[in-house]
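Student: Handing you a structure now.
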Amino acid sequence: MAKTDSPPYLRLSLIFLSISLPSLLFQLLLNRFDELNPAPHPPEALSRVLVPVRKHFDRIVEATERIGDGLVDGPEDFAYDAESGVVYTSCADGWIRRVKVGDSVVGPAVEKWVRVGGRPLGLALRPDKMAVLVAEAYKGLMQVTMEGHIELLTDEAEG
């Protein structure tokens with residue numbers, strides 16, 4: 001009967017176990033993992049002063065005015081142009097609406113400005129106020145000029 005040597009992977013496995021098992025047992029006996037507690041957070045590490053705030057402000061609700069109530073379908077975000085007195089709001093139905101606010105007796109004028117489709121979730125005015133940037137959930141980042149022309153800036157990020 002011929003003598004057979006054990007396969008090399010079996011010998012390597014036994015060597016690995018003979019080295020790592022005693023080390024693992026030593027670590028388990030030496031360290032007690034159940035007593036691992038995080039260090040307390042020092043109060044002086046906070047970067048700002050904490051100010052107590054009331055949960056309910058009655059006077060703020062009294063001083064506010066609802067604009068576009070019932071005329072804007074599911075507003076997601078808004079951008080305000082103080083110079084022209086226009087509020088741009090993105091709506092759940094895919095429209096960007098323009099709301100002209102001012103001292104009008106009739107109230108604010110709500111206009112269906114541009115339909116970008118999909119679900120516009122975020123708005124921002126460009127610093128030069130020549131366009132509104134729109135983050136749309138399915139299409140990507142778009143730019144809408146004041147004339148209503150839509151330009152897709154990107155439809156992907158990092159691949």
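Student: Has segment 6-28 got at least one residue that is of a type in the set (Lys, Arg) and modelled with pLDDT of 75 or more?
Tutor: yes
Student: In addition: Can you name the residue in segment 93-116 that is at pLDDT below 90 and touching a Pro at 6+ places or on another chain (Cβ under 8 Å) and is also surrounded by the most Cβ atoms within 10 Å (Cβ to Cβ) among such residues?
Tutor: Checked segment 93-116; the qualifying residue surrounded by the most Cβ atoms within 10 Å (Cβ to Cβ) is Val99.
Student: Please verify whether Thr89 is of a type in the set (S, T, N, Q), exposed (fewer than 11 other Cβ atoms within 10 Å of the Cβ) and modelled with pLDDT of 90 or more, treating the condition exactly as stated.
Tutor: Values: of a type in the set (S, T, N, Q): yes; exposed (fewer than 11 other Cβ atoms within 10 Å of the Cβ): no; modelled with pLDDT of 90 or more: yes.
Considered against the rule, which asks whether it is of a type in the set (S, T, N, Q), exposed (fewer than 11 other Cβ atoms within 10 Å of the Cβ) and modelled with pLDDT of 90 or more, Thr89 comes out as no.
Student: For the condition of a type in the set (D, E, K, R), at pLDDT 90 or above and outside any strand (DSSP E or B), what is the one hit in Glu83, Glu151, Glu147, Glu62? Quick ask: steps written out before the conclusion?
Tutor: Numbers: Glu83 fails: at pLDDT 90 or above; Glu151 fails: outside any strand (DSSP E or B); Glu62 fails: at pLDDT 90 or above.
Selected residue: Glu147, the only one of Glu83, Glu151, Glu147, Glu62 that is of a type in the set (D, E, K, R), at pLDDT 90 or above and outside any strand (DSSP E or B).
Student: So, Val72, is that one at pLDDT 75 or above, under 17 Å from Leu123 (Cβ atoms) and not in a strand (DSSP E or B) or not?
Tutor: For Val72, the condition - at pLDDT 75 or above, under 17 Å from Leu123 (Cβ atoms) and not in a strand (DSSP E or B) - is met.
The values are calculated or read from the model by the stated rules, or taken from the named source; none is laboratory data. Bear in mind the structure is a predicted one, so any value in this text is a computation, not a measurement. Counting neighbours? That spans all protein chains shown, and the Cβs are built from the backbone with ideal geometry, glycine included.
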